[in-house]
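Have a look at the structure below before the remarks.
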Amino acid sequence: MQVCPDGSVVVRSPLRTSRREIERVLSIHMDWILRTQKRMQARRLRDEAQRQAYASADAAGQKAPDGWSWILTPPEIASLKQQASPVFAERTARYAPLVGPRGVTWNRITIRCQKTRWGSCSSRGNLSFNCLLLLAPPAVLDYVVVHELCHRLHMDHSPAFWQEVERVLPDCRDCERWLKKNGRDLMKRAGH
């Protein structure tokens, strides 16, 4: 389902779904749909207000507590990426031997400024990390590194995967909560 700027709604369904079935499903879930639309609209308004506050602070010459601009400029993002490369290489080398019974290997590390991800691990062992993690507490950066390295053993989020993450980093759930609470704000600083 998609809400258009004029307020109309577009509903997508499998090709042969009858109009009657679509209307039945919509009527069953209408309360949830309306609550979710309201929550998403409130989130968009909060996000826009925060972006404007960041822009105003930057225009007034104020810096964020970490010393960077509230809304990172392209040169600042480039600098973060450059600074992140040796940090992630060192943290990956530190934690890789601790994952699994004999450690894990990786192929290549890439640093990006992603809109929705903190890290990823490909089936070939290529690791990717978000440079914005340099603005997070060091334990959170370590958590993302360990999380991606544990994907070298388990390419899923199964109980065995989480057990391994917790074995290597017992405070991983605190770091995960930090990202859920603060991650969106961090991404907004890159204009996302």
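Does residue 147 fit the bill of being in contact with a Cys (Cβ under 6 Å, 6 or more places away or on another chain) and surrounded by 21 or more Cβ atoms within 10 Å (Cβ to Cβ)? It is false that residue 147 is in contact with a Cys (Cβ under 6 Å, 6 or more places away or on another chain) and surrounded by 21 or more Cβ atoms within 10 Å (Cβ to Cβ). Residues in the range 65-98 that are over 23 Å from residue 168 (Cβ atoms) and surrounded by 14 or more Cβ atoms within 10 Å (Cβ to Cβ): 10 in all. Checking the range 115-132 against the condition returns a match, with at least one residue being within 14 Å of the chain's Cα centre (by Cα), surrounded by fewer than 19 Cβ atoms within 10 Å (Cβ to Cβ), closer than 30 Å to residue 73 by Cα and touching a residue at least 40 places away in the same chain (Cβ under 8 Å).
Does residue 46 satisfy the criteria of being surrounded by fewer than 15 Cβ atoms within 10 Å (Cβ to Cβ) and part of a helix (DSSP H, G or I)? In short, yes. Put simply, of 165, 140 the only residue that is touching a Phe, Trp or Tyr at 6+ places or on another chain (Cβ under 6 Å) and either among the aliphatic types (A, V, I, L, M) or modelled with pLDDT under 95 (or both) is 140. Within the range 179-189, does at least one residue satisfy the condition of being touching a residue at least 60 places away in the same chain (Cβ under 8 Å), in contact with an Asp or Glu (Cβ under 7 Å, 6 or more places away or on another chain) and surrounded by 14 or more Cβ atoms within 10 Å (Cβ to Cβ)? Scanning the range 179-189, I find at least one residue that is touching a residue at least 60 places away in the same chain (Cβ under 8 Å), in contact with an Asp or Glu (Cβ under 7 Å, 6 or more places away or on another chain) and surrounded by 14 or more Cβ atoms within 10 Å (Cβ to Cβ), so the answer is yes. In the range 60-70, is there at least one residue being touching a Ser or Thr at 6+ places or on another chain (Cβ under 8 Å) and among the charged types (D, E, K, R)? There is at least one residue in the range 60-70 that is touching a Ser or Thr at 6+ places or on another chain (Cβ under 8 Å) and among the charged types (D, E, K, R).
Within the range 63-165, which strands (runs of 3 or more DSSP E) (wholly inside it) include 1 or more residues that are closer than 24 Å to residue 53 by Cβ?
Values: elements: 109-112, 119-121, 127-130.
Strands (runs of 3 or more DSSP E) meeting the threshold: 127-130.
The values are calculated or read from the model by the stated rules, or taken from the named source; none is laboratory data. If you're wondering where the values come from, they're calculated on a predicted model, not measured in any experiment. For neighbour counting, all protein chains shown are included, and Cβ atoms are generated from backbone atoms with ideal geometry for every residue, glycine included.
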